[in-house]
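Undergrad: The following block contains the structure, expressed as structure tokens.
The values are calculated or read from the model by the stated rules, or taken from the named source; none is laboratory data. Values in this document were obtained by computation on a predicted structure and should not be read as measured data. As a convention, Cβ positions derive from the backbone with ideal geometry for all residues, glycine included, and neighbour counts pool all protein chains shown. Ligands, DNA and RNA are stripped out before the accessible areas are found, and what is left, the full protein with its side chains, is counted by its heavy atoms. Shrake-Rupley method; radii C 1.70, N 1.55, O 1.52, S 1.80 Å.
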Amino acid sequence: MRGVFWLSTAVLCYTYAGYPLLVMALARIRRRPVRTAPYEPAVSIIIAARNEAKSIRATLENKLQLHYPAGRVQIIVVSDASTDGTDAIVREYEPAGVLLLRQEPRRGKTAALNLAAAHATGRIFVFADANSMYAADALRMLTRNFADPSVGYVTGRLVYGAAAGSSAGIGCRAYMRYEDLLRRSETSLGSIVGVNGGIDAVRRELLVQMHDDQLPDFVLPLQVVKQGYRVVYEPEALLYEDTLTTSSAEYRMRVRVALRAWWALSDMRALLNVRRHGLFAMQLFSHKVLRYAACAAVPVVYAAALGASGAGLIYDVAVALGSAFLLCAAAGFVADRAGVAAPVVSLPYYFMVINAASADALLKFLRGRKQAVWTPRLG
């Protein structure tokens, strides 16, 4: 049991602390800056929407008011067989140049992006969600990175709004702060591994058609790396979004993302070849494979500590710390149900929620389950 304990501890420590510290250290030694400069090519903003009548009007108003040269922004909305009046709202903006495409039957976000790409006229494609609210200068912040010919894909920074009494809200904001630090360092090394999805841009010539069940926020950046270009993080391109307000909604979202990420890793497994892809292969394995697989080590490390208790002080301390963490997570569960949130209990609870979701997704992946369609945010 002691060997299992140390192996599981090593996996968790490296995944959540060791890898970020390693990347930060390497970024200081091997810095590869992005050569940004003012650059304002024609862009096509692509929005996939499924029953987004509550959000789409505000989103379109936001995109039409972005600070960018007139005549260089095309906005495309793909309605994925919406039934709630989304299409009618979008048609109100056709005089302003918004293009509505209807996807019938329902096929999901990835198919919608493939459809829009065939009608897009911009040199840069920007992917926005139906509830994405951009800062006024977001497009300029994204496109300035394409002045560097080595850059093929850019993702912006997601800023979550507060959700009172929500453990999911506290957890999401903490998670994004963690990812922000990691992406800054990965960009300095060359390319990042994960993107935000709601504020992304890619060169037109690098876009590849994807299968309906592939995760575009993951597969497309990996395809860009495969083609020899960089995927970088632009923290000044801001996307404002409310966090999910319930842990159950957060759980469903994490299961969906992790499941599709496993299939993306399977499809793009050639990028894990260290001989061919070097440092990026290590990044992909550490940031994604281990992150999604670490859920298996969470219960194992505690069980192994229990099994080795009495064999040394370190195991007794591990049991005590693990028990305290679980008690805090349980308290976070109770507080979440009561509509109360505090970091000391909400963060342990959030950690358990996302790892349970990762475990659920891993089991679905091993059973061959796939998911192509999605539903609007429910909370």
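Undergrad: Mean Kyte-Doolittle of at least 1.0 and a Cα length of 18 Å or more along the axis: which whole DSSP H helices of the chain meet both?
TA: Membrane-span-like by this rule: 313-337, 343-366.
Undergrad: Between Val159 and Ile29, how many nm apart are label points set 7 Å from Cα along the C-beta direction?
TA: With each label placed 7 Å out from Cα toward Cβ, I get 3.5 nm.
Undergrad: Tally Lys/Arg at +1 and Asp/Glu at -1 over every other residue whose Cβ is under 10 Å from the Cβ of Asp80; what's the total?
TA: +3
Undergrad: Order these peptides, 184-195, 27-38, by their mean beta-carbon neighbour count within 10 angstrom, highest first.
TA: Taking the mean over residues of other Cβ atoms within 10 Å, the ranking is 184-195, 27-38.
Undergrad: A further question on this structure: Given labels modelled 7 Å from the Cα in the Cβ direction, how far is it in nm from Arg184 to Tyr39?
TA: It works out to 2.3 nm between the two label points.
Undergrad: Also, I was wondering about something else. May I ask what percent, to the nearest 5, of DSSP beta bridges between residues of the chain are antiparallel?
TA: 30 percent
Undergrad: How much of Lys63 can a 1.4 Å solvent probe reach, expressed as accessible area in Å² and rounded to 10?
TA: So the heavy atoms of Lys63 present about 10 Å² to solvent.
Undergrad: Determine, from the Cβ-Cβ distance of Ser323 and Val344 and an R0 of 22 Å, the FRET efficiency 1/(1 + (r/R0)^6), rounded to the nearest 0.05.
TA: Efficiency, rounded to the nearest 0.05: 0.90.
Undergrad: Roughly speaking, what is the centre-to-centre gap between the stretch 54-80 and the stretch 234-252 when only Cα atoms are used, to the nearest Å?
TA: Going from one Cα centre to the other spans 20 Å.
Undergrad: Oh, and also: Which FRET efficiency, nearest 0.05, do Asn273 and Gln227 yield, Cβ-Cβ r, R0 25 Å?
TA: 0.95
Undergrad: Keeping all protein chains in the complex and leaving out DNA, RNA and ligands, what accessible area do you get for Lys370 with a 1.4 Å probe, in Å² to the nearest 10?
TA: For Lys370, solvent-accessible area is about 110 Å².
Undergrad: Also, I was wondering about something else. Identify which of the listed values of mean projected area of the Cα convex hull in nm² was calculated from the structure shown: (1) 18.5; (2) 19.4; (3) 23.3.
TA: Checking each listed value against the structure points to (2).
Undergrad: What does the C-alpha gyration tensor say about the overall shape of the stretch 151-292? Classify as rounded when a/c is under 1.5, otherwise prolate if a/b is larger than b/c, or oblate.
TA: Judged from the Cα gyration tensor, the stretch 151-292 comes out prolate (a/c at least 1.5, a/b above b/c).
Undergrad: Continuing with the same structure: Length gain on complete extension for the stretch His119 to Lys370, per 0.36 nm per residue less the alpha carbon to alpha carbon distance?
TA: 87.6 nm
Undergrad: Quick query: amide H of Ile75 versus all other amide H atoms, modeled in the peptide plane; which residues come in under 5 Å with a sequence gap of 5 or more or a different chain?
TA: HN-HN under 5 Å from Ile75: Ile45, Leu99.
Undergrad: Could you do me a favour and compute the accessible area per residue for the chain, 1.4 Å probe, result in Å²?
TA: 44 Å²
Undergrad: Report in % the part of the accessible area of the chain that belongs to carbon and sulfur, leaving out ligands and nucleic acids; probe 1.4 Å.
TA: Carbon-and-sulfur percentage of accessible area, whole number: 60.
Undergrad: Shape of the stretch 73-178 from its Cα gyration tensor (a ≥ b ≥ c, root eigenvalues): rounded if a/c is under 1.5, otherwise prolate when a/b > b/c, or oblate?
TA: Oblate shape, in that a/c is at least 1.5 and b/c is the bigger or equal ratio.
Undergrad: May I pose another question? How much net charge surrounds Ser358 when only the other residues with a Cβ under 12 Å from the Cβ of Ser358 are counted, with Lys and Arg +1 and Asp and Glu -1?
TA: +4
Undergrad: Efficiency by 1/(1 + (r/R0)^6): what FRET value for Arg57 and Ala249, r their Cβ-Cβ distance, R0 = 22 Å, to the nearest 0.05?
TA: 0.45
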